[in-house]
Structures are given as C-alpha cells and as structure tokens.
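A short worksheet on the structure shown next.
The values are calculated or read from the model by the stated rules, or taken from the named source; none is laboratory data. Remember, predicted model here, so these are calculated numbers, not experimental data. For neighbour counting, all protein chains shown are included, and Cβ atoms are generated from backbone atoms with ideal geometry for every residue, glycine included.
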Amino acid sequence: MTSVTDGIRTTPTDPTDSGQHEENQKNMALIFREAHAAPEKKRINEEYFVLENDGATAVSTAHLQVISTRVPKPGQKPQRGSMLGVIDPGFMLQPGEKILVVSGVPGKKSHGDPPSREGMRTYHLFQRSGLLEGAGTVIKLAMNQMEVAKLIYDPAAETGVAPKAAPANP
C-alpha cells in the first residue's frame with residue numbers, strides 16, 4: 001500500500017523487510033544514493049549521505065524523523081529503532097535534485113570540514129555523534145511512522161549503500 005503525505009510517496013515500514021527493501025525503494029521518491037562514514041569518530045562533519053528526489057514532483061523534508069537501527073541477525077526480532085531527531089526546518093528537493101546531508105554541526109571545527117560538491121547544496125543534521133555504526137546500520141527517514149527513505153550501510157559497497165535485497169522465495 002502506498003500513500004501520499006505532503007508530496008512524499010510513502011510505504012509502510014515492514015519490520016522484517018525480507019525482500020521488500022527493493023519494492024519499497026521503487027515506491028519512495030526520496031532515495032539514499034551514497035553513504036560515507038567519517039574516517040575518525042569525532043570528525044562527524046565528514047560523515048555524509050547523498051539524498052535524491054527520484055519522483056516527478058518537488059518534495060519537502062520538513063518534519064521528517066531521522067531513525068537509526070540495525071539489520072536484525074537471522075532469528076533475531078527486528079528493532080524499532082531510535083529517533084535521533086527531526087529535520088526542521090527541512091529543505092525542498094526538486095525532481096532529480098540531490099543534496100548532501102552531513103551528520104555534524106557546520107561551525108564546529110573539531111567535527112572536521114564538511115564535504116562539498118559542485119551543484120549540490122548541503123544540509124546539516126546537527127548530531128553530536130556519527131550515525132553510521134558499521135555495516136548493517138539502518139538509517140530511515142519517516143513521517144508519521146511511514147517510511148519515506150531507507151539506507152542500509154555497507155562499507156564494502158562502492159557507494160556505501162547496501163545493494164537492494166532480492167525478493168524472498170515463496
């Protein structure tokens with residue numbers, strides 16, 4: 001089931017997510033394209049994500065919740081996740097537009113220098129610590145308990161984003 005909330009296509013979160021990650025990614029307008037962990041724990045301005053509006057209309061990220069959890073181990077019950085904060089005031093993304101989302105605080109020199117890319121804006125989450133806690137970290141953006149975007153971190157992948165899960169065998 002897909003619904004529209006403030007111009008964002010959303011898909012209900014399935015806590016087991018076995019095989020539904022790919023289907024959910026198709027239904028979401030916001031897509032995590034890259035994830036890069038900080039080289040050192042304290043240099044969180046060097047931890048960043050590339051978020052893209054893959055939809056046909058502009059998307060507002062105002063009031064999206066940032067949630068962190070881990071991929072459950074086989075036989076383990078999935079965790080609900082911890083809400084790390086709310087994107088406020090947020091930003092607008094036009095169709096096809098990408099933005100750098102940096103974990104740290106822009107003016108804090110001890111957090112390192114934030115990245116920049118030609119033609120891309122930067123948005124800071126103002127976190128006190130990094131979000132990526134190693135392989136299997138899951139970062140979600142949600143509105144009213146509806147998953148809007150999801151990232152499974154895989155440091156071995158070229159982009160840092162785990163490949164989409166294959167559909168489960170019936």
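Would you call Val66 in contact (Cβ under 8 Å) with a residue 60 or more places away in the chain and either aliphatic (A, V, I, L, M) or on the phi > 0 side of the Ramachandran plot (or both)? Spelling it out, Val66 is indeed in contact (Cβ under 8 Å) with a residue 60 or more places away in the chain and either aliphatic (A, V, I, L, M) or on the phi > 0 side of the Ramachandran plot (or both).
Checking each residue in segment 147-159 for being of a type in the set (A, V, I, L, M) and surrounded by fewer than 20 Cβ atoms within 10 Å (Cβ to Cβ) picks out Ala156, Ala157.
Per the listing Val59, Val86, Val71, Val105, the residue uniquely closer than 27 Å to Pro163 by Cβ, surrounded by 12 or more Cβ atoms within 10 Å (Cβ to Cβ), at pLDDT 90 or above and in contact with a strand residue (DSSP E or B) (Cβ under 9 Å, 6 or more places away or on another chain) is Val59.
Considering Arg80, Arg33, the condition of being at pLDDT 90 or above, closer than 24 Å to Gly136 by Cβ, out of contact with any Phe, Trp or Tyr (no Cβ under 6 Å at 6 or more places or on another chain) and not aliphatic (A, V, I, L, M) is satisfied by Arg33 alone.
Quick check: anything in segment 91-106 among the polar types (S, T, N, Q) and under 14 Å from Val148 (Cβ atoms)? Among the residues of segment 91-106, not one is among the polar types (S, T, N, Q) and under 14 Å from Val148 (Cβ atoms), which makes the answer no.
Quick check on my filter: what residues within segment 56-81 are of a type outside the set (A, V, I, L, M) and more than 15 Å from Glu147 (Cβ to Cβ)?
First, the residues of segment 56-81 that are of a type outside the set (A, V, I, L, M): 57, 60-61, 63, 65, 68-70, 72-81.
Thr57, Ser60, Arg70, Pro72, Lys73, Pro74, Gly75, Gln76, Lys77 - these are the residues of segment 56-81 that are of a type outside the set (A, V, I, L, M) and more than 15 Å from Glu147 (Cβ to Cβ).
Okay, residues lined up against (1) in contact (Cβ under 8 Å) with a residue 12 or more places away in the chain; (2) among the β-branched types (Val, Ile, Thr); (3) closer than 23 Å to Asp154 by Cβ:
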site: Leu30; (1), (2), (3): yes, no, yes
site: Glu52; (1), (2), (3): yes, no, yes
site: Thr61; (1), (2), (3): yes, yes, no
site: Gly75; (1), (2), (3): no, no, yes
site: Phe91; (1), (2), (3): yes, no, no
